[in-house]
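Enquirer: Questions regarding the structure given below will be posed in turn.
The values are calculated or read from the model by the stated rules, or taken from the named source; none is laboratory data. What you are looking at is a predicted structure, and each value in this text was computed from that prediction instead of being measured. Glycine also receives a Cβ, built like all others from the backbone with ideal geometry; neighbour counts cover every protein chain displayed.
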Amino acid sequence: MIQKQALEILKTGANVFLTGEPGSGKTHLVNQYVSYLRAQGVEPAITASTGIAATHIGGMTVHSWSGIGIKRKLDQYELDHIASNERIAKRISKTKVLIIDEVSMLGPGTLAMVEAVCREIKQDNQSFGGLQIVLVGDFFQLPPIVRSYNTNPQKVLMEEAIQRFAYDAPCWHKTNFIVCYLTEQHRQEDSNFLSVLSAIRSNSYDNSHHVHIEKRKITHEKIPNGIPRLFSHNEDVDRVNDEELAKLFEGEQVFEMTDQGVPLLVTALKKGCLSPEVLTLKVGAKVMFTKNNPKAGFVNGTLGEIKELNSYGFPTVCTKSGKNIVAESMDWTVEENGIVRARITQIPLRLAWAITVHKSQGMSLDAAAMDLTDVFEFGQGYVALSRVRSLSGLYLLGWNKQTFQVHPEVLKKDIDFREMSETADNIFSIISSDELNDMHRNFIRAVGGKISTIKNQKKH
């Protein structure tokens, strides 16, 4: 399904599961829909499964939004307690559209708790209390963490298959999602690389694909200067960044994060922010931008090197393309009904000699060196590999067997999602534009918005 068709479906108010391969434009499409709703006077609730994902879309975690926090189960007493919280009740009561990004990392129990809270506060027995629900994500990417006390590996795998993913929650089926499976590709333009990624995704990876991977294998000594290294574990990332920064003899400058607002929301913002609370920089340090500002010439993932630490207090970064950018401090915020409830402020940079695969999810990198010998999770290798735009930008130090594997349960489910998306595409393609426009207007009226005309939504 192309983005234009998916946007038309979203605008009808249907509950949608928006999915597709990395680089298919899911986030771009969500931003288009959010802009459309706001132009009609409708403020959607923008949430995500993790703090990192929430910072990418300018929202809060769904855990904070719904008031469930770190709960792993919800009895009637706890449900009543959340519903009696005036702030949470007011927030959910006003909401008409709920967006949850990176749903692949949301367990079924968490989704079920969010759904129950919505029904309770809305006093509506419809799924999610009658909200339009937009779930966004790709189940081939990193799954939710499962804490199991079962020591039998075979039984653990069975537990994962039965209850690990959000689509296993009963409320998923009751919500009757229309699946919009985006098929356009905006990140990778290298046909050989696309064939490798598609083969991993379809469990058809073989020697004809591996030959391309073998050609990208290098030793530590041959890693090009100025590109980030991706690791599976935090300790490897911290070690490399600290070692490389210590090699620079220039004087250092320290930038400390400032914050204001609701403490719990501030803490969530800090946890999800890719820029550290204390950022130590030196001239010559390899860095990566952690926010989007296309007008200034950078997006989340843009690589560069510190060229100057000036008296004005902001570092100058020379990007890979040779552009010099003064990295002024930026805000990460949590907004609710147009009001900022928490804010952190920091230079939108982090040291970029190394980063974890987990934190790279959602990024597009021109180049990266990866050590995937310690990959331990289905989808982890796929996420790492799909961060870069072409094989020429991929430098591999090593890998293990699991690097090229995705979860077997997701493989089966993906076939269903593709078929459901094709069915939806066929149904909506025969609906006249006049009828679609009527559906769009009816939904905006139903959620209390005001009809206005949006001229030519720009296509990604």
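Enquirer: Step by step: first the residues of the range 73-101, then only those that are polar (S, T, N, Q) and surrounded by fewer than 21 Cβ atoms within 10 Å (Cβ to Cβ), then the one that is farthest from Glu43 (Cα to Cα). Which residue is that?
Expert: Per the stated criteria, the residue is Gln76.
Enquirer: Limited to the range 359-370, what total is found for residues that are within 12 Å of Ser232 (Cα to Cα) and surrounded by fewer than 20 Cβ atoms within 10 Å (Cβ to Cβ)?
Expert: Number satisfying all stated conditions: 1.
Enquirer: Still on this structure, please answer the following. Hey, could you check the range 371-415 for residues that are over 20 Å from the mean Cα position of the chain (by Cα) and of a type in the set (D, E, K, R) and say which is surrounded by the fewest Cβ atoms within 10 Å (Cβ to Cβ)?
Expert: Here the answer is Lys401.
Enquirer: May I ask you to verify whether Glu184 is part of a loop (DSSP other than H, G, I, E, B), of a type in the set (Asp, Glu) and more than 20 Å from Thr356 (Cα to Cα)?
Expert: Judged against the criteria, Glu184 is a match.
Enquirer: Output the residue which, of all residues in the range 311-326 that are out of contact with any Leu (no Cβ under 9 Å at 6 or more places or on another chain) and part of a loop (DSSP other than H, G, I, E, B), is farthest from Thr290 (Cα to Cα).
Expert: Ser311
Enquirer: Here is a follow-up. Out of Arg350, Arg343, report the one residue that is under 20 Å from Arg239 (Cα atoms) and either outside the structural domain of Thr19 (by TED's automatic domain parsing) or in contact with a Lys or Arg (Cβ under 6 Å, 6 or more places away or on another chain) (or both).
Expert: Arg350
Enquirer: Still on this structure, I have one more. Consider Ala296 carefully, then state whether it is over 21 Å from Ala48 (Cα atoms) and buried (at least 22 other Cβ atoms within 10 Å of the Cβ).
Expert: no
Enquirer: Go through Val254, Val299, Val357 for me and flag whichever is in the same structural domain as Tyr382 (by TED's automatic domain parsing), out of contact with any helix residue (DSSP H, G or I) (no Cβ under 9 Å at 6 or more places or on another chain), modelled with pLDDT under 90 and not basic (Lys, Arg).
Expert: Numbers: Val254 fails: modelled with pLDDT under 90; Val357 fails: out of contact with any helix residue (DSSP H, G or I) (no Cβ under 9 Å at 6 or more places or on another chain).
Unique residue meeting the criteria: Val299.
Enquirer: Residues in the range 239-250: is at least one over 21 Å from Ala367 (Cβ atoms), part of a loop (DSSP other than H, G, I, E, B) and in contact with a Ser or Thr (Cβ under 9 Å, 6 or more places away or on another chain)?
Expert: Checked the range 239-250: no residue is over 21 Å from Ala367 (Cβ atoms), part of a loop (DSSP other than H, G, I, E, B) and in contact with a Ser or Thr (Cβ under 9 Å, 6 or more places away or on another chain).
Residues checked against (1) within 19 Å of Trp353 (Cα to Cα); (2) modelled with pLDDT under 90; (3) assigned to a loop (DSSP other than H, G, I, E, B):
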| residue | (1), (2), (3) |
| --- | --- |
| Asn203 | no, yes, yes |
| His209 | no, no, no |
| Ile213 | no, no, no |
| Pro224 | yes, yes, yes |
| Leu265 | no, yes, no |
| Lys270 | no, yes, no |
| Leu279 | yes, no, no |
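Enquirer: I've got another one for you. Checking the conditions here, which among Tyr181, Tyr167 is at pLDDT 90 or above, within 22 Å of Ser364 (Cβ to Cβ), in the same structural domain as Gly130 (by TED's automatic domain parsing) and not small (Gly, Ala, Ser)?
Expert: Unique residue meeting the criteria: Tyr181.
Enquirer: Condition test on Thr403, is it within 19 Å of Arg229 (Cα to Cα), free of Cβ contacts under 8 Å to residues at least 60 places away in the same chain and touching a helix residue (DSSP H, G or I) at 6+ places or on another chain (Cβ under 9 Å)?
Expert: Here the answer is yes, as Thr403 does meet what is asked.
Enquirer: If I filter the range 328-346 for residues that are in contact (Cβ under 8 Å) with a residue 12 or more places away in the chain, surrounded by 17 or more Cβ atoms within 10 Å (Cβ to Cβ), out of contact with any His (no Cβ under 8 Å at 6 or more places or on another chain) and assigned to a loop (DSSP other than H, G, I, E, B), do I get at least one hit?
Expert: No; the residues of the range 328-346 include none that is in contact (Cβ under 8 Å) with a residue 12 or more places away in the chain, surrounded by 17 or more Cβ atoms within 10 Å (Cβ to Cβ), out of contact with any His (no Cβ under 8 Å at 6 or more places or on another chain) and assigned to a loop (DSSP other than H, G, I, E, B).
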